[in-house]
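A short write-up of the structure that comes next.
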Amino acid sequence: MPGKSVDIRSGRLFPFPFLVLGGAVFFSGMAMLISQPILGVVLMLGGALVLTAHEGTEINPVNHTYREYNSFLFMKNGEEKKYNDIEKIFVNSAKVSQRVYTAHTLKSSTFTNVEYNAYLKFGDGVKVFLMSRKNKTKLLEKLRDLSRSLNTTVVDHTVPG
């Protein structure tokens, strides 16, 4: 991929319930366009902001620059930074716990999962978060394609399994 920047989307900025709410606000705005056009446009814009919001990292291997960004309405905001070289892409595992309460009672259940987090390490020691997945195999497949684009290696620091 010479001459092109590599865009790695980390994930959405808002959790699923907010996405549902953003979708409802967007479609409510569409329904109001005829009767109250200004309010309809404002609601559609607010819903679109939530639905299109994501975060990621953009790397330009030719110019040796990267930027971590937040994107709203497909416009990316983030400061571009220089790097000398890319040392490696590495993967760590992390246990993630979530406590869920049942409706109408104070009882709860705790769910624990393993997530695999990928980072990019530059030659000067700076580490940048790339992405996270629950499926290690799918993450490693994605990272192998990325490592070819960035001409670096993928190192797996997780326990086998």
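Residue-level analysis places S149 outside the set of residues that are more than 17 Å from the chain's Cα centre (by Cα), surrounded by fewer than 15 Cβ atoms within 10 Å (Cβ to Cβ) and not assigned by TED's automatic domain parsing to the domain that holds I8.
Looking for something among the aromatic types (F, W, Y), within 18 Å of L146 (Cβ to Cβ) and not in a loop (DSSP other than H, G, I, E, B) - is there at least one such residue anywhere in the stretch 70-86? Write out each step before concluding.
From the stretch 70-86, those among the aromatic types (F, W, Y) are 72, 74, 83; that's our starting set.
Checking which are within 18 Å of L146 (Cβ to Cβ) leaves us with 83.
Restricting the remaining residues to those that are not in a loop (DSSP other than H, G, I, E, B) gives none.
Taking every residue of the stretch 70-86 in turn, none turns out to be among the aromatic types (F, W, Y), within 18 Å of L146 (Cβ to Cβ) and not in a loop (DSSP other than H, G, I, E, B).
Checking the conditions here, which among G22, G47, G56 is surrounded by 15 or more Cβ atoms within 10 Å (Cβ to Cβ) and closer than 19 Å to F122 by Cα? So that I can check it myself, show each step before the final result.
On the way: G22 fails: closer than 19 Å to F122 by Cα; G47 fails: closer than 19 Å to F122 by Cα.
None of the others qualify; the one that does is G56.
The residues on offer are N63, N113, and the sole one that is modelled with pLDDT under 90, assigned to a loop (DSSP other than H, G, I, E, B) and out of contact with any Cys (no Cβ under 6 Å at 6 or more places or on another chain) is N63.
Conditions tested, residue by residue: (1) over 18 Å from R133 (Cα atoms); (2) surrounded by 10 or more Cβ atoms within 10 Å (Cβ to Cβ); (3) free of Cβ contacts under 8 Å to residues at least 12 places away in the same chain; (4) touching a Ser or Thr at 6+ places or on another chain (Cβ under 6 Å).
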site	(1), (2), (3), (4)
M30	yes, yes, no, no
S35	yes, no, yes, no
E79	yes, no, no, no
Y83	yes, yes, no, no
E87	yes, yes, no, no
Y101	yes, yes, yes, yes
L106	yes, no, yes, no
A118	no, yes, no, no
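The values are calculated or read from the model by the stated rules, or taken from the named source; none is laboratory data. Worth saying up front: this structure is predicted, and the values here are computed from it rather than measured. Here the Cβ is made from the backbone with ideal geometry for all residues, glycine too, and neighbour counts use every protein chain on show.
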